[in-house]
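The values are calculated or read from the model by the stated rules, or taken from the named source; none is laboratory data. Just so you know, these numbers come straight off a predicted model, no measurement behind them. FYI the Cβ positions are ideal-geometry reconstructions off the backbone, even for glycines, and counts take in every protein chain you see.
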Amino acid sequence: MPNFSLQVSVKVEYLEEQSNPDQKQYNFAYTITIKNESLLAVQVIARQWLITDAEEKVQEVRGLGVVGQQPLLKSGEQFQYTSWASLPTPVGSMKGIFFCISEEADLFEVMIQEFALAMPRTLH
């Protein structure tokens, strides 16, 4: 099976205007950039996220595509999207998996390393 490489980077932003700490609602936007560093075209067909709050409660989010799309990336192309997550605590984390298929119908998974969701001035 060929070697597939998708580079995934994440940028997180706390959404202060959409959050309500008095109601234990902390909202975060995250922007994901996926770059195909493989020689073959690949398509992101599904995703799974595990969102963990500061009390170790885990939400699982699964589904087809990302933000309603199943981007097909030729070699060297990238796709960027922004989505959001809501936590009942000011600090948490996310990690996930992209389920992908190559243009030659090889299925593979791309692990998204854990990243922090943190209201400003809560992590030292």
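Could you look through segment 65-77, keep only residues that are assigned to a strand (DSSP E or B) and touching a strand residue (DSSP E or B) at 6+ places or on another chain (Cβ under 6 Å), and pick out the one that is modelled with the lowest pLDDT? Outline the logic, then answer.
Going residue by residue through segment 65-77, those that are assigned to a strand (DSSP E or B) are 66, 69, 72-73.
Pick out the ones that are also touching a strand residue (DSSP E or B) at 6+ places or on another chain (Cβ under 6 Å) and you get 66, 72-73.
Values: VAL66: 95, LEU72: 98, LEU73: 98.
Per the criteria, the residue is VAL66.
The rows are residues; the columns are (1) in a strand (DSSP E or B); (2) loosely packed, with under 13 Cβ neighbours inside 10 Å; (3) touching a residue at least 40 places away in the same chain (Cβ under 8 Å); (4) under 14 Å from the mean Cα position of the chain (by Cα).
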position	(1), (2), (3), (4)
GLY63	yes, yes, no, yes
PHE79	yes, no, yes, yes
SER93	yes, no, yes, yes
GLY96	yes, no, yes, yes
ILE101	yes, no, yes, no
ALA105	no, yes, no, no
VAL110	yes, no, yes, yes
GLU114	yes, yes, no, yes
LEU117	yes, no, yes, yes
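How many residues does segment 10-38 hold that are of a type outside the set (D, E, K, R) and closer than 16 Å to PRO71 by Cα? If you could, list the steps in order and put the result at the bottom.
Quick first cut of segment 10-38, residues of a type outside the set (D, E, K, R) only: 10, 12, 14-15, 18-21, 23, 25-34, 36, 38.
After this cut, where a residue has to be closer than 16 Å to PRO71 by Cα as well, the list is 31-34, 36, 38.
So the count comes out to 6.
Give the number of residues within segment 41-61 that are closer than 22 Å to LEU6 by Cα and surrounded by 15 or more Cβ atoms within 10 Å (Cβ to Cβ). Lay out the reasoning, then the answer.
As a first pass, look at segment 41-61 and keep what is closer than 22 Å to LEU6 by Cα: 41-51, 61.
Now restrict to residues that are surrounded by 15 or more Cβ atoms within 10 Å (Cβ to Cβ): 41-51.
Residues that pass the stated criteria total 11.
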